[in-house]
Amino acid sequence: MVELIAFISLGLIILILFEWRARRDAKQSSGDGQDGTAEPQGSVDGECCGQHLVCERETLLQTNAVPEYFDDEELDTLAGIPADDYTETQREEIRAVFETLEEKDVPAWCRSIQLRNIALPEDIREEALLICRERRASRASSSQPR
């Protein structure tokens, strides 16, 4: 019986230490945004759900935030229109803006697009997600001790 209690206690101690370290690491990495803004961690498991263009776990996107414009004010006319309903001209407008962005600006542009209620066509959305994931992975790998 004593061995069982000791085993359970040891397991709880390991779990507590793991959680403490994960939270400490999340706190330390939350201020590592390359644009100078902190990106709070919203999940203990460290995994992104993949459901959103820009990971809400990292950005905690607020509805009262002010969108940042990237010389793309003309896209505001697309607000509220489903991506499947865009004309070819509208798709080309979005593509033209997307292709002028520097890679480091893509996550901020995606947040801005979401705040402005503009849906991205699937192909552009996938490219933007890929860039955001690559930047997140490179940030994570560069912050790991060697």
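The values are calculated or read from the model by the stated rules, or taken from the named source; none is laboratory data. These numbers were taken from a predicted model, which means no experiment stands behind them. Methodologically, a virtual Cβ is constructed for each residue, glycine included, from the backbone with ideal geometry; neighbour enumeration extends over all protein chains shown. Note: accessible area is taken over every heavy atom of the protein model, side chains too, but ligands, DNA and RNA are not part of it. Shrake-Rupley method; radii C 1.70, N 1.55, O 1.52, S 1.80 Å.
For T100 and A137, the FRET efficiency from 1/(1 + (r/R0)^6), where r spans their Cβ atoms and R0 equals 30 Å, is about 0.80.
Label separation (D85 vs E68): 3.0 nm, computed from points 7 Å beyond Cα along the C-beta direction.
Taking label points 7 Å from Cα along the Cα-to-Cβ direction, L15 and E92 give a separation of 6.0 nm.
The 1.4 Å probe gives accessible areas that order L78, L10, L101, largest first, as L10, L101, L78.
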